[in-house]
Structure formats: C-alpha cells, structure tokens
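Working notes for the structure below.
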Amino acid sequence: MRVLTARAVLLGTVAGAAFFATPATAAQDTAPQAPSNAQTQDQAAAGSDQTIVVTARRRNELLLNVPVTVTAYSGEQLNRQGALDITDIADTTPNVTLEVSRGTNSTISPFIRGIGQQDPVAGFEQGVGLYLDDVYLNRPQAAVLDIYDVERIEVLRGPQGTLYGRNTIGGAIKYVTRRIPTDGVHFSLRTNLGTHGQVDVIGKASAPLAKSVLVSVAAARLSNHGFGKNLTTGQRNYNKDVIATRGTIEFVPSDNVFFRLSGDYTWDDSNPRGGHRLIPSLCTTTCGLTVAQGAVLSNVFDTAGGLNDPEQRVRAGGVSLWGEIGLSDWLKFRTITAYRKDNSHTPIDFDATASVDVDVPAIYRNHQFSQEVQLVADKGPLQGVAGFYYLNANAFDVFDVRLYTTLSALLPGFTAATRGDVDTKTWAAFGDLTYDFSPQWSVSVGGRYTNDKRHAKVFRQSLYRGGSPELGGVNGFTVGIPIPPAFGASITSNFDGRRTDTAFTPRASVQFKPNPNHNLYLSYSRGFKGGGFDPRGQTTLTPRDPSNPTAPPTADAIYDFMAFDPEKVDSYEAGWKASLFDRRLQLALALFQANYKDVQVPGSFGGVTAGGLPTFVGVTTNAGKARFRGVELETNWRMANDLATPGDRLTWAGTLGYLDANYLQFNTVVGFDPVTGLPVPNHEVDIADFRKIQNTPKWTLSGSLDYDTPAFGGRFNANTTLSYRSSSQQFELAIPGLDQGGFALWDVNILWRSPGGRYEFGLHGKNLANKKYLVSGYNFLRQNPFTGQFILANGTPGLNSTLGSTGILTGFYGNPRQVWLSAAANF
C-alpha cells in the first residue's frame, strides 16, 4: 500500500424536503415519462395512492421492491417544498451532505455516508456520482444544479460500482427530466421575487412538430443581490447572476422506439464568493493593511478580499442522445451518447484581505465524451441489465498562488504557479440479474469490470513580476519571470505520469417479501475509485534514499511520491421496507457497515520550501483502513384524512441518519515534528486516533408536517420542515473556529393551486431562524498535528502562519434567511 504519493443549470423552483414513500409517481421508465403516465398536480395534492417507480438498478422497479437504499424525490414533492437547487435535498436525506464548494457558486462537494471529497482540482475524483438523465458528470465544476421540469431525483446510498461504475463508491445522485407532453402545445412561466434582491424568471414551451416529433425549449434568468458585500472591491458577495437554456427534441415513431436529443448551456456571471476571516490579520502595516482592514468583519457574509482577476465566469453545457428500441416483448436496447464541456474562471482570495497574500486566480477547463449501451431484459422470473460504458475526459487547471508580501523586496510579485492536465480513458462491462424463485424469494447478482487509464501532467514553477501566461497579473505585472538561480530552483515539478487501474466490483442481494407490503433484504457490494497523481505535488520534495542522501531521487521514487492508489470498499447492508396500516404508514430502515481500504485523503500543507523558497505542497494520503457503520430510517405517515374539511390531508414525514465513521489506520510516511508540526520525510506513523472523517455528522434528522386541503376553488398546501445536523469537521484534523457545531434549519412553504394546476401562487421561507453555519473554509495556520491546537513555531500555543503573512483561517457560510413569493402559469 502506498500511503503518501505524494451548472449545467436545470431551472426553477423546487424542494428540498421529500420523503421515501410519499405517494407520488416518480417514473415509469429510465427515459423521462410522458404525461399520460404521470401523476397530475391535483392527484399529488390530493394524496393519490400511486406507487413510486425508480430506476436505481437501471430498470423499472417499485421503490418498495428495490434492495437498495434509495430516497426518491418526485417533481411534485420538490415543487411543493420550494427548494432552489439540488443541495437543498440534503436537508431531508439521511447521511448526505451537499454543499457549494469554497470560493464558488457552481462547484459541488457531495458526501454520502461519509464518502466524498471537496477538492475540485484536476486529478482528484469525486466519491459520489452525479447523473443528469443517465449521463455521468465527470467533474464537480458547474454541477450545482438548479432544478426545473424534473420528473424525479434519486439518491442512492452506498457503493454503486456494479451499475454506475467508478467514483460512485459513496453513492449516486440521479436527476431525471420529464418527457415532452404529447397532447398539444404547452407553455409555462414561473417567477420568484424575494429578499436579497431575488428575481427568478423561468419559461418553457413545448409542441409537437409532427406525429412522431416533439420539441421543447426552456430558459431562465436566476438572480439575487447576494447576502453580503466585498468591502474592498465594492461587489456584492454571495450573489447570483445566471442565464440558462435547454432544448429537447424527441422522436417517437412507435411504441417500441424512443429517441431524445437534449442540449443545455449555462452562463454564470455571479461575482466571486469571498470568504470571511475568522481571526484578525497577523500582518498589517508590512502587508499594506490598517488594523481595521485586517479585522474580523461583523457580517459573516462580508469579505475584504482584493483579488478580482480573472473575472469570475462559468460557462457550461452539453448535448446528449438517449435512445431505446424494443427488440422483443421482453428485451430492450438502450444507447446513451453524450458530450459535455465547462470552463470556469475564478479568483479565490484565501486571506480575504486587500493584501496580495495567498491570492489564487484559477482557471478550470473540462470536457468529456461518454457512450453507454445496455440490454434490458424482463422475461418471466428473470429481470436484468447488461451493458458497456466508455468515457474519454480531460480536466485542465491552472492556478497561481500569489505571495506578494513574501520576499517582496527581493522578488516583487512572487508567485507559485501550478498547471495540471489529466486525461482519463475508462471502459467497463457490467451486468446485473434478478431471479424470482417464488413470489416471496428472489436473488440478485451482478458485477462490473473496469479498466481506468490516467495520464497526468503536473508543472509547478516559482515566478516573479507576475504569474502564469493564462492568468497574467495585477499592478502592471503580466506574465511572470522565472526566479534567478541565486534564489533557488525555478521549476519545482515537471511530472508526466501514466497509470492503469483495473477492478471487478460485484454485488449480490437476497430478498424476502412475505407479502406485497413488506420487503426484507440482505446485500453486499464492492466499490472502487481509481488512483491518480497529486496535482499539487512537488517533485523536488521527493524523499531521498537514506543510504545515499546526496543522490537525486530516481524516476521510480518520484512516481511513487506523486501517485496515490485506488480506493476500495466492501459494504454490507440489511434493510426492511414496508407499507403498513392500509398504506397509511410507509417506512424504510437500513443498517449498514462499510469497510474501506486505502481511503484517498487530499491535503495541502504550507510551511515548506521548494527550491529554497516558501510554498505549499499537495499531500494525498491513502489512509490504511476506515470503517463506517450506520442506521437510516425514512418514514411517511398519513395522519388524517378529512380532518377539518372534506378532502383534506395531514401528513408527517421524518428521516433519521446515524453514522459511526472512524479511521482504523491512518498511516503516513511523512510524519510530523512534534514541536513544529512540519512534515518530516521517512518517518511513518499511524495517526488514526487523531483524525476524523470530514464533512460527516454523526446524526442527521428531519421532520416535516404537510397539510393539504381544498380552498378558494383550488387546493391549498402548507408544509414546514425542521432539519438537524450534528457537529462535523471540515477536514480530518480538527480546526478550532472552522469546524461546525450542531445546528438546525427551519423552512416553511405555503402554496395555492387552481384546478388543474393552471395557476399557482406561493410563499416560501428557508432558514427562518437565520442560523449562521459554516459549510467550508481554508486553514494555513500551524497546528499541533495530534490535537489540532494552533501553535507557534516553538510548539507553544499561538497563531502562526504556514503560508503567506496574514494568517489564513477563512470560512464560507450556508445561506441565511430567505423569503420569496412564487407565481406560475401553465397552459
């Protein structure tokens, strides 16, 4: 085991409180369903007892019958609850964390059952797969999905390697859109007007062009003025400025043939999202700051960062062709072809002051092509799917770390420049079959073989009087100049590495259904996340051979230093799904244990030198072992019908997640000096007792009360949700001030619809208690590597910077109280 190796925006107003078994049709096929099969708004509002159908196993199944832990959110549920983007569903999904990444509006950091990662640079892969109409989104940039025209969202918890492949080691999130209506011309318009200058306008139109050809277009303008202000640049902070479009053509020549061509594009011109300093600046006059400019600001949504280049800009889009042909009455052929591309320019001001101190301008460019084919069978007692998947993707990033306050007299405009370019080619063959031995007993087995090839180039250089050619500079500095030899080595990494990882990921389950309303199952699954190369590694810091310390490191030693191994998991689960008391109470209970090997833990450390100059170094650790044990419970209780008036309904829904996640072994060959906390090469230690799984609260709870009644000639719905998350750490080592304690969020939604859903008016409130809570942050302060206490260079308590001069402890916060009115018309 190697230990150290070194939006598309979907538009609209929807909800983040939906429950396992709320009576609503979620789908009838992997392809988004046609309205003739869909549940109408009136049916949903009245609490129709239609069943939930999902495609968690790549085929149509009742949610009650699937031996997988799935939370299904129907489009109607989402619409009633008033969520604004996909991250809101985490409030009511057990053991799930979905956050907007640091310094951005559109990059997502997903975690399921403790597995995920929050570093978006090229070379690191997500542990949670995100799918848009069965198309895997390979990178986290532009993946904070606003929602419109949604048929359902499925959250699959636990390893999904057999059917969904690499990088679904924690789980998968599936976003499925609706099929185009076949019964004529349709038009809808929705608007939201709210606090913080919120103005959203979403429109959609669809029509049949011919008997077998349907077309739809949608566009949205999503905006708000932000929650704070940048006191240095004058820009609004945490604002939103998005234009998004989507177009779809469907070809349905017969009942057995369906093709859908979809394209989407997003323009996101939101301002940079600046962080909030959690400590006063350690450097004022010499860093060009007054005491007031380096102080902690009173509004956590305010910032003072001076970096504003490159101009913040995100462009993202893609096209996909989804097709299905019925080969016989029991066999279907499916094909999914897609191409996606995104380009993000973002200025990230780590220190959040006007000083040019750890200012990081960055560019991320990603593109991907994928092709998947499937055969789906349903013949008597045998059902299943088999297929082949191919992905060809490139992830490129370039970013500078501007340390202008460091060596400013000798090397003005000192910059540590980094460029990463990663090609990924992966293919997989998979199959999953279920055989019903009787109406009560069934067995499922499946497997996937994956071949994952990675080619990475990492180039790092120390420059002055500017930075990388793509990024230029400020204050008249443009492209940087390599530092003079007298100051040290200019090039600190020039790495070109390739690797191929293969894995077989099986899955098996046994189900017992004593009657149609109960399903008990036992399952086993294996997950896999490919290895790679640290995109911020410094090859000049490769440890030398102790027997010959003057000799430069060998090519093999450099390769081992930069590389990290695949991550693997074996997961065991027992579950019970039930519909009780004439379907008035529905529940899903799961108990699970996951045993992980070589967990990938990316990190970045300051306080080191490369080529004789101060810089930071990427350190990706393959932690030896980790164990995740937990319980998940989702319930939906129809408490009363005809309670106050004929036709009304009162419903309670609740979720509970408990997760006991621990490192059993966390080896590192870097080790730590017990006084300074700096890395010490060639000293292996096990620090599992001093590390926790990041972004993983032990408890996640939610409860929702929903009342629906006939009123004013239509239907009136009022619902409220209280969700709670216990304390969690931002990173594996505790960070005082940055880690978030337990907190609760309270949401309320009121909605009225006319008969048939033609007109709709709503009032929505999120985080009504205005709770301030941290979701991410940066830290470059010296810490005791065991306790996390901040220390000085001599080991005594105090604040001491390991990168830059101002001292970086910067936080980013979840959204404050938001209240808005919604109105919609559907024709």
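The set of residues in the stretch 242-268 being charged (D, E, K, R), under 26 Å from Ala824 (Cβ atoms) and modelled with pLDDT under 95 consists of Arg246, Asp264, Asp268. As for the stretch 219-238, it holds at least one residue that is in contact with a Phe, Trp or Tyr (Cβ under 9 Å, 6 or more places away or on another chain) and of a type in the set (Lys, Arg).
If the condition is being open to solvent by 10 Å² or more (accessible area, probe 1.4 Å) and farther than 23 Å from Arg419 by Cβ, then the stretch 337-364 contributes Thr337, Tyr339, Ala354. Scanning the stretch 743-759 for residues that are under 14 Å from Asn192 (Cα atoms) and in contact with a helix residue (DSSP H, G or I) (Cβ under 8 Å, 6 or more places away or on another chain) yields a total of 2. If only residues of the stretch 392-406 that are open to solvent by 20 Å² or more (accessible area, probe 1.4 Å) and not β-branched (Val, Ile, Thr) are counted, the one that is nearest to Arg536 (Cα to Cα) is Phe396. Take Asp570 and decide whether it is under 24 Å from Pro120 (Cα atoms) and at pLDDT 90 or above. Against the criterion (under 24 Å from Pro120 (Cα atoms) and at pLDDT 90 or above), Asp570 does not qualify. Here is the figure for the stretch 782-827: residues that are closer than 15 Å to Phe605 by Cβ, in a loop (DSSP other than H, G, I, E, B) and touching a Gly at 6+ places or on another chain (Cβ under 7 Å) total 5. Of all the residues in the stretch 553-574, those that are in a loop (DSSP other than H, G, I, E, B) and over 22 Å from Tyr449 (Cα atoms) number 2.
Are any residues in the stretch 160-189 within 30 Å of Leu522 (Cα to Cα) and either open to solvent by 10 Å² or more (accessible area, probe 1.4 Å) or among the aromatic types (Phe, Trp, Tyr) (or both), and if so, which ones? Selection gives Gln160, Leu163, Tyr164, Arg166, Tyr175. Out of all the residues in the stretch 740-757, is one or more open to solvent by 30 Å² or more (accessible area, probe 1.4 Å) and of a type in the set (D, E, K, R)? No; the residues of the stretch 740-757 include none that is open to solvent by 30 Å² or more (accessible area, probe 1.4 Å) and of a type in the set (D, E, K, R). Of all the numbered requirements in (1) surrounded by 17 or more Cβ atoms within 10 Å (Cβ to Cβ); (2) not in a strand (DSSP E or B), Phe528 misses one, and that requirement is (2).
Tallying residues that are touching a Ser or Thr at 6+ places or on another chain (Cβ under 9 Å) and more than 17 Å from Ile169 (Cβ to Cβ) within the stretch 590-599 yields 1. When the stretch 705-733 is filtered for residues that are modelled with pLDDT of 95 or more, open to solvent by 30 Å² or more (accessible area, probe 1.4 Å) and not in a strand (DSSP E or B), only Ser727 remains. Of all the criteria given as (1) among the polar types (S, T, N, Q); (2) assigned to a strand (DSSP E or B); (3) open to solvent by 10 Å² or more (accessible area, probe 1.4 Å), the one not satisfied by Asn192 is (3).
Inspection of the stretch 680-691 finds a residue satisfying the criterion of being at pLDDT below 95, under 20 Å from Phe731 (Cβ atoms) and either of a type in the set (S, T, N, Q) or part of a strand (DSSP E or B) (or both). Residue pairs whose Cβ atoms lie under 6 Å apart, sitting 6 or more positions apart in sequence or on different chains, and linking a residue in the stretch 250-277 that is more than 30 Å from Thr107 (Cβ to Cβ) to a partner that is among the aromatic types (Phe, Trp, Tyr) and open to solvent by 60 Å² or more (accessible area, probe 1.4 Å), are Phe259/Phe251.
Residues that are over 27 Å from the mean Cα position of the chain (by Cα) and polar (S, T, N, Q) within the stretch 316-330 comprise just one, Ser328. Just one residue in the set Tyr521, Tyr559 is open to solvent by 20 Å² or more (accessible area, probe 1.4 Å) and either within 31 Å of the chain's Cα centre (by Cα) or β-branched (Val, Ile, Thr) (or both); that residue is Tyr559. Looking across the stretch 643-665, the residues that are open to solvent by 70 Å² or more (accessible area, probe 1.4 Å) and over 24 Å from Gln81 (Cβ atoms) come down to Pro646, Leu664. Of all the numbered requirements in (1) over 24 Å from the mean Cα position of the chain (by Cα); (2) crowded, with 22+ Cβ neighbours inside 10 Å, Leu768 misses one, and that requirement is (2). Considering only residues that are within 27 Å of Asp436 (Cβ to Cβ) and open to solvent by 60 Å² or more (accessible area, probe 1.4 Å), which ones fall in the stretch 366-379? Passing the criteria: Leu375, Asp378, Lys379.
The values are calculated or read from the model by the stated rules, or taken from the named source; none is laboratory data. Everything quoted here is computed from the prediction, not taken from an experiment. A quick note on method: Cβ atoms are made from the backbone with ideal geometry, for glycine too, and the neighbour counts reach across all protein chains shown. Just the protein is used for accessible areas: all its heavy atoms, side chains included, with ligands, DNA and RNA removed. Shrake-Rupley method; radii C 1.70, N 1.55, O 1.52, S 1.80 Å.
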